[in-house]
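Below is one structure, written out as structure tokens; comments come after it.
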């Protein structure tokens with residue numbers, strides 16, 4: 001593309017936007033709405049994923065060891081557990097340590113002070129790598145000889161995995177639907193612009209203009225609309241996210257539902273918005289203009 | 001140069017617009033293509049400009065074989081043609097100068113080329129003082145001159161004029177035809193489609209007559225002498 005032409009395409013793109021301002025405004029609004037909905041769900045997915053990762057880091061369960069097992073048997077058992085798939089760190093907790101830990105949580109209740117060590121069992125604290133395979137890992141450990149029981153909050157882990165998967169799936173479905181809607185709106189805007197200029201297009205074609213020469217100003221128009229929508233959507237998204245995050249904190253939101261700071265996410269959000277806006281704008285315009293090139 | 005060799009055209013609705021047309025127009029020639037409405041004149045124009053393709057036969061325009069031309073080559077073929085329409089087809093919101101710049105820009109001309117070529121062409125068609133005028137401020141004859149200037153501005157090998165005087169009074173029609181004759185004398189091949197018998201008869205040029213999709217006469221001077 002010649003520099004000469006690039007300037008012409010940009011000028012024509014801007015001129016076209018203002019020549020049907022209302023439709024352009026509607027297209028920008030639609031892109032803003034789509035990007036914000038898309039962005040909100042994506043940010044929700046990112047946060048749920050973040051929470052899950054945090055949970056995964058802390059996630060462990062207890063496997064209780066047969067009371068008759070000797071020290072060497074326990075060491076062998078630990079080795080067996082370590083060799084299992086999806087098992088991270090394995091820590092041995094004696095019944096005395098377990099009692100001490102238990103008492104720490106009940107310091108004010110003198111009732112437990114004289115509790116004999118034998119009440120509790122020796123145990124292994126086992127860290128799980130992938131939370132999605134939590135139950136499977138617990139069952140594999142429980143199947144080993146020497147493990148007589150276990151304590152695991154599997155429901156919480158599985159619940160989180162289910163929420164993450166649902167939010168991710170929903171985010172993708174919404175992204176797909178909203179991208180299609182945005183493409184449709186941009187296409188219509190371009191189609192209107194092209195219809196208004198169909199005589200000009202026919203003249204251009206008769207003078208020997210290539211398809212690219214006719215198409216580029218419309219693509220530039222779509223790009224500008226897409227980028228304008230993306231920038232507006234970014235600032236609105238920032239405001240909405242900050243407001244929701246603040247409201248959660250104000251209402252005594254637990255650690256579980258504290259949203260990530262937007263400052264950690266803004267670059268990624270801006271890049272994704274700009275790329276999506278530009279892609280929607282350019283593709284929508286490119287598709288719409290095809291029919292008018294058949295001269 | 002135009003060559004139509006045994007060209008047939010049948011539209012999707014079954015209409016047979018052309019039935020075995022053979023025609024050769026050499027470089028530098030001036031030819032009228034005449035015939036009544038529905039005779040196939042417009043179909044020939046559309047074939048020559050690459051808007052439609054022949055159902056059968058060969059179409060060659062300025063060295064481009066339109067039977068197997070690729071889509072990307074069509075703009076290049078069209079740059080060898082200048083096309084003039086009955087309804088002028090000027091862009092109303094652009095000045096005369098703007099209309100010509102528009103035509104030059106579509107083929108990638110530079111600003112310097114435009115500044116050099118446009119005054120020359122406007123002078124040639126007698127509109128050198130009308131560069132800043134808008135089409136709706138001009139008479140029909142002047143608007144057609146602008147259309148001729150636009151057709152000429154990219155220096156085509158051939159001009160195809162489709163009923164160029166259809167919207168003009170007899171005096172303006174004569175002026176336009178005289179202008180086209182003058183342009184032809186400068187070396188540009190001219191194919192003028194018309195059904196104005198009197199006008200054709202005033203010029204002693206080659207006349208190709210078609211009727212019902214068939215070529216019924218190809219000779220020098222006169223409209224129909226069948």
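The values are calculated or read from the model by the stated rules, or taken from the named source; none is laboratory data. Values in this document were obtained by computation on a predicted structure and should not be read as measured data. Cβ coordinates were reconstructed from backbone atoms using ideal geometry, including for glycine residues, and neighbour counts include every protein chain displayed.
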Per the filter on the stretch B:95-113, residues touching a helix residue (DSSP H, G or I) at 6+ places or on another chain (Cβ under 9 Å) and farther than 21 Å from residue B:142 by Cα are B:105, B:106, B:107, B:108, B:109, B:110, B:111, B:113
Would you check if residue A:16 is touching a residue at least 60 places away in the same chain (Cβ under 8 Å), surrounded by 17 or more Cβ atoms within 10 Å (Cβ to Cβ) and within 14 Å of another protein chain (Cβ to nearest Cβ)?
yes
Just one of (1) surrounded by 15 or more Cβ atoms within 10 Å (Cβ to Cβ); (2) over 29 Å from residue B:2 (Cα atoms); (3) within 20 Å of the chain's Cα centre (by Cα) trips up residue B:138, so point out which.
(3)
I'd like to check which helices (runs of 4 or more DSSP H) are fully inside the stretch B:130-226 and have at least 1 residues that are more than 14 Å from chain A (Cβ to nearest Cβ) and modelled with pLDDT under 90.
B:170-185, B:197-202
Could you tell me which residue of the stretch A:101-121 is modelled with the lowest pLDDT, considering only residues that are surrounded by 12 or more Cβ atoms within 10 Å (Cβ to Cβ) and in a helix (DSSP H, G or I)?
A:112
Sole exception among (1) over 19 Å from the mean Cα position of the chain (by Cα); (2) at pLDDT below 95; (3) away from chain A (no Cβ under 14 Å) for residue B:96, by number:
(2)
Regarding the stretch A:255-267, can at least one residue be identified that is outside any helix (DSSP H, G or I) and surrounded by fewer than 14 Cβ atoms within 10 Å (Cβ to Cβ)?
yes
For residue B:83, indicate whether it is part of a strand (DSSP E or B) and either surrounded by fewer than 17 Cβ atoms within 10 Å (Cβ to Cβ) or under 20 Å from the mean Cα position of the chain (by Cα) (or both).
yes
Take the stretch B:54-67 and flag every residue that is in contact (Cβ under 8 Å) with a residue 12 or more places away in the chain, farther than 12 Å from residue B:9 by Cα and not in a loop (DSSP other than H, G, I, E, B).
B:60, B:61, B:64
Flag if residue A:238 is free of Cβ contacts under 8 Å to residues at least 24 places away in the same chain, part of a helix (DSSP H, G or I), away from every other protein chain (no Cβ under 14 Å) and over 16 Å from residue A:292 (Cβ atoms)
no
Go through the stretch B:142-170 and give me each residue that's surrounded by fewer than 18 Cβ atoms within 10 Å (Cβ to Cβ) and within 14 Å of residue B:90 (Cβ to Cβ).
B:167
Can you tell me which residue among A:215, A:198, A:191 is within 14 Å of chain B (Cβ to nearest Cβ), within 30 Å of residue B:83 (Cβ to Cβ) and surrounded by 18 or more Cβ atoms within 10 Å (Cβ to Cβ)?
A:215
Mind listing just one residue for me: the one in the stretch A:19-36 that is more than 19 Å from residue A:197 (Cα to Cα) and at pLDDT below 85 and, of those, farthest from the other protein chains (Cβ to nearest Cβ)?
A:34
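Each row is one residue, and each column tells you yes or no for (1) away from every other protein chain (no Cβ under 14 Å); (2) under 17 Å from the mean Cα position of the chain (by Cα).
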{"site": "A:158", "(1), (2)": "yes, no"}
{"site": "A:162", "(1), (2)": "yes, yes"}
{"site": "A:171", "(1), (2)": "yes, yes"}
{"site": "A:175", "(1), (2)": "yes, yes"}
{"site": "A:178", "(1), (2)": "yes, yes"}
{"site": "A:208", "(1), (2)": "no, no"}
Filter the stretch B:36-53 for residues that are assigned to a loop (DSSP other than H, G, I, E, B) and modelled with pLDDT of 90 or more; the one that is farthest from the other protein chains (Cβ to nearest Cβ) is B:39
What's the total number of residues in the stretch B:71-88 that are in contact (Cβ under 8 Å) with a residue 40 or more places away in the chain, within 9 Å of chain A (Cβ to nearest Cβ) and either out of contact with any strand residue (DSSP E or B) (no Cβ under 6 Å at 6 or more places or on another chain) or closer than 18 Å to residue B:52 by Cβ (or both)?
5
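Taking residue B:91, is it buried (at least 22 other Cβ atoms within 10 Å of the Cβ), outside any helix (DSSP H, G or I) and within 11 Å of chain A (Cβ to nearest Cβ)?
Working: buried (at least 22 other Cβ atoms within 10 Å of the Cβ): no; outside any helix (DSSP H, G or I): yes; within 11 Å of chain A (Cβ to nearest Cβ): yes.
So residue B:91 does not fit the description; no.
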Give the number of residues within the stretch B:4-34 that are at positive phi and over 16 Å from the mean Cα position of the chain (by Cα).
3
On the given criteria, is residue A:209 at negative phi and not in a helix (DSSP H, G or I)?
yes
If you take the residues of the stretch B:99-120 that are part of a helix (DSSP H, G or I) and facing chain A (nearest Cβ under 7 Å), which of them is surrounded by the most Cβ atoms within 10 Å (Cβ to Cβ)?
B:103
